[in-house]
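The values are calculated or read from the model by the stated rules, or taken from the named source; none is laboratory data. Small disclaimer: the values here were computed from a predicted structure and weren't measured. Backbone-built Cβ (ideal geometry, glycine too); neighbour counts: all protein chains shown.
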């Protein structure tokens, strides 16, 4: 199904909810429907490069749009947090970021398109004793040996070869951003990590910001280096 009712779309999409009934529906992919921007909406409503589906498809079929260094032609492809969007012909480059409303686009320099920060969502041992690290954007990276990487930590990877460039722990003193919940878009410094004692209690993180101290669920926090708000 390529369409859904506008009443069902994420609130942060800059698309009018009245006037028309349907809007493009993101295809299943690296990001969930509630936490993504399909390329159709990104090109038409965020960047104002097209007015309708025909124009969006024309841009994509010309191989004019790259997501994380890969050409994408499907107008329903979902882009999400920290994804790198490139329009080489126009010399414009963006990173999908987040503010208090939801996902947004931050313009970046061309050299910044070479790396991407990804949160570790899962970790398991696979055949040969290697570790498989599942990242927040759906990709999996294999590590040749057991490492100190933990769920919740952030890896800076190179694009498109996915080599690990840096490792940022989700720990006291690290800079972090809240990417979900009522405090989403807030950037600060981790003050305390409170790990749960049992399954009935959520692990939380206390973040110190310019406006005060916030306590939020651990799964809502991404450590990293964030220069734009």
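The residues listed here are 105, 133, 142; of these, the one that is surrounded by 11 or more Cβ atoms within 10 Å (Cβ to Cβ) and touching a helix residue (DSSP H, G or I) at 6+ places or on another chain (Cβ under 7 Å) is 105. Quick one: would you say residue 189 is in a loop (DSSP other than H, G, I, E, B), touching a strand residue (DSSP E or B) at 6+ places or on another chain (Cβ under 6 Å), surrounded by fewer than 16 Cβ atoms within 10 Å (Cβ to Cβ) and at pLDDT 95 or above? When the stated conditions are applied, residue 189 does not pass them. Only one entry in 159, 170 is under 28 Å from residue 77 (Cβ atoms), modelled with pLDDT of 95 or more and surrounded by 14 or more Cβ atoms within 10 Å (Cβ to Cβ), namely 159.
Each row is one residue, and each column tells you yes or no for (1) over 27 Å from residue 111 (Cβ atoms); (2) in the same structural domain as residue 181 (by TED's automatic domain parsing); (3) touching a strand residue (DSSP E or B) at 6+ places or on another chain (Cβ under 7 Å).
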| position | (1), (2), (3) |
| --- | --- |
| 18 | yes, no, no |
| 25 | yes, no, yes |
| 36 | no, no, yes |
| 42 | no, no, yes |
| 45 | yes, no, no |
| 59 | no, no, no |
| 74 | yes, no, no |
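With the checklist (1) touching a helix residue (DSSP H, G or I) at 6+ places or on another chain (Cβ under 6 Å); (2) within 18 Å of residue 36 (Cβ to Cβ) in hand, flag the one item residue 64 doesn't pass. Single failed check for residue 64: (2). For residue 164, the requirement of being surrounded by 15 or more Cβ atoms within 10 Å (Cβ to Cβ), in contact with a strand residue (DSSP E or B) (Cβ under 6 Å, 6 or more places away or on another chain) and touching a residue at least 24 places away in the same chain (Cβ under 8 Å) is not met. Taking (1) under 18 Å from the mean Cα position of the chain (by Cα); (2) not in a strand (DSSP E or B) in turn, residue 222 satisfies each apart from (2). Of the strands (runs of 3 or more DSSP E) contained entirely in the stretch 1-118, those carrying at least 2 residues that are in contact (Cβ under 8 Å) with a residue 24 or more places away in the chain fall at 84-87, 92-98, 103-107.
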